[in-house]
Amino acid sequence: MISKKFSAPRGTADILPEETVLWQSLENQARQQLSLYGYQEIRTPVFEETGLFARSIGQTSDVVQKQMLTLASQNTTVDQGKELSGLTLRPEGTAAVVRAYIEHRLDTKESLTKLFYISPMFRGERPQKGRLRQFHQIGVEVLGPQTASAYLDAEVIVLAVNLLNSFGIKDFQLKINTLGTREDKCNLAGILRQQLTSEIKNCCPDCQQRYERNVFRILDCKNHSCKAVVARLKLDGSHLSPASQKYFQELCDTLKLLNVTFTVDTKIVRGLDYYTHTVFELTSPSLGSQDALGAGGRYNNLVEDLGGPAADAVGFALGVERMILARPEHQKVAMPAADVFFIVPDEANLNEAARLLEETRRAGIAGDMSYQTASLKSQMRQANKKGAAFALIFGGDEFSRGTATLKDMKEGEQQEVVLNQIVATLLAKLPSRR
Ligand code: HAM
């Protein structure tokens, strides 16, 4: 019988050791930057109640309509208008963080809560370059009652830009826009419907439905004819109240003050329903059609809508896989190397070598061996492959004298070391391990 060969599910990817070094370097950079800005890590479950996403992201959003990966055994109802039951793998981090903020009454602990996450997200999309079913986000959410401030929005945007810079990504654009308050958004929906009245017949069937149900989604449609219609729309910020206009002006002024390059794009509305006021996107032309490196914005009503206190909030998420695609090729990250590789050509010496290897590790030295008594040459090759700084050779003659040969792999120098002095000798030669 030919046994079935399994592969990773479509739209997912194994991250192998030569890539994980890059991921770790990115994550470490991110953690460093995030702590400079006062963020603390939050880890939420990978699945949540389906209704949480439907209510926050929006029933008519593409994510909820088409991309929810809902656990089959959970007897789920996903019909529009119904309260959804069951469990869904999280498609994004914001809803889960808001749920945790409310559940743990984080508003009572600090006036402003700054959280970050580095986590996998799941969306049942049609996979293509830069678009996966399991992908990873580095995200931040800042929440607190009466904390809306153009300065805070600017700081959050600057943080996203600095993260991209710290990963060596240079070729990206920042586009910002404002949706205004919930009332302003209603005005904007009215303006859009009015301008689209005579044009909607030229749009795709999906957008013809979106016209009634969620007109903002038409602005994100990738269909050729819909894009042409959207290009003709004239949006000038007239949906905004004077207070919302002032808020946005302050944001633009602060970004200029902080030396951030940006453009205002009045057609950015974002695919998730919870946004109010500031929205922004970071795109890279090098990514092709899936060009968003990250995106975010303010969502001042979501905490209250989900049953929490009235709290303002702002955040963003950067897509890790897309950032890795956009990183310059030449920025390779080295695999971690061993300090010492034990070379044991005689079976009889394996016991003592294993004991000493454990002793070196307990002393904080990274040691390895082949676990087999292959030829000296082949074990030396393995030591080289591991990038070992030293090889420790347990040859027969030296071993009977209670010593082993320590070889500096870079300089080629060799010295005989008494077995019970091995740890001390290595520590003396490896200043970073002391
Ligand atoms: P989003 O625009 O849906 O926003 O996703 C943010 C980023 O995640 C995208 O710009 C992209 O880099 C990455 N991403 C999204 N979907 C995929 C996919 N299928 N494959 C690969 N990468 C993907 C949010 O998720 C919001 N929660 C951001 C936010 C946080 N807003 C406020 N706070």
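The values are calculated or read from the model by the stated rules, or taken from the named source; none is laboratory data. Keep in mind the model is a prediction, meaning the values are calculated, not measured. So basically every Cβ, Gly included, is an ideal-geometry build from the backbone, and we count neighbours across all protein chains shown.
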Quiz item: How do the pairs read when you match residues in the stretch 168-191 that are on the phi > 0 side of the Ramachandran plot with residues anywhere that are basic (K, R), using Cβ under 9 Å and keeping only pairs 6 or more apart or on different chains?
Solution: G168/R327
Exercise. Note down all Cβ pairs under 8 Å where the first residue falls in the stretch 309-338 and is under 30 Å from P145 (Cβ atoms), the second is basic (K, R), and they're at least six residues apart or on different chains.
Key: D312/R298; A313/R298; V314/R298
Practice problem: Kindly check whether there is at least one residue in the stretch 5-12 that is under 16 Å from the mean Cα position of the chain (by Cα), over 30 Å from V303 (Cα atoms) and without any contact (Cβ under 8 Å) to a residue 40 or more places away in the chain. | Solution: no
Exercise. Only residues that are at pLDDT below 95 and within 8 Å of the ligand (Cβ to nearest atom): list them for the stretch 115-126, please.
Key: E125
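Could you tell me which residue of the stretch 117-132 is farthest from E27 (Cα to Cα), considering only residues that are of a type in the set (D, E, K, R) and within 18 Å of the chain's Cα centre (by Cα)?
The qualifying residue farthest from E27 (Cα to Cα) is E125.
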Quiz prompt | Hits in the stretch 253-277 (condition: assigned to a helix (DSSP H, G or I) and surrounded by fewer than 17 Cβ atoms within 10 Å (Cβ to Cβ)) | solution = D253, K256, L257
Quiz item: Which condition number does L302 fail, the rest of (1) out of contact with any helix residue (DSSP H, G or I) (no Cβ under 6 Å at 6 or more places or on another chain); (2) closer than 22 Å to F248 by Cβ being met?
Solution: (1)
Exercise. Specify which of the listed residues (V156, V161) is within 13 Å of the ligand (Cβ to nearest atom) and more than 20 Å from A13 (Cβ to Cβ).
Key: V156
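For (1) modelled with pLDDT of 95 or more; (2) part of a helix (DSSP H, G or I); (3) among the β-branched types (V, I, T), each residue gets a yes or a no:
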residue: E304; (1), (2), (3): yes, yes, no
residue: F316; (1), (2), (3): yes, no, no
residue: Q331; (1), (2), (3): no, no, no
residue: E352; (1), (2), (3): no, yes, no
residue: E358; (1), (2), (3): yes, yes, no
residue: R361; (1), (2), (3): yes, yes, no
residue: K377; (1), (2), (3): no, yes, no
Quiz item: Pick from the stretch 148-206 the residues that are outside any helix (DSSP H, G or I) and of a type in the set (V, I, T): which of them is nearest to L22 (Cα to Cα)?
Solution: I169
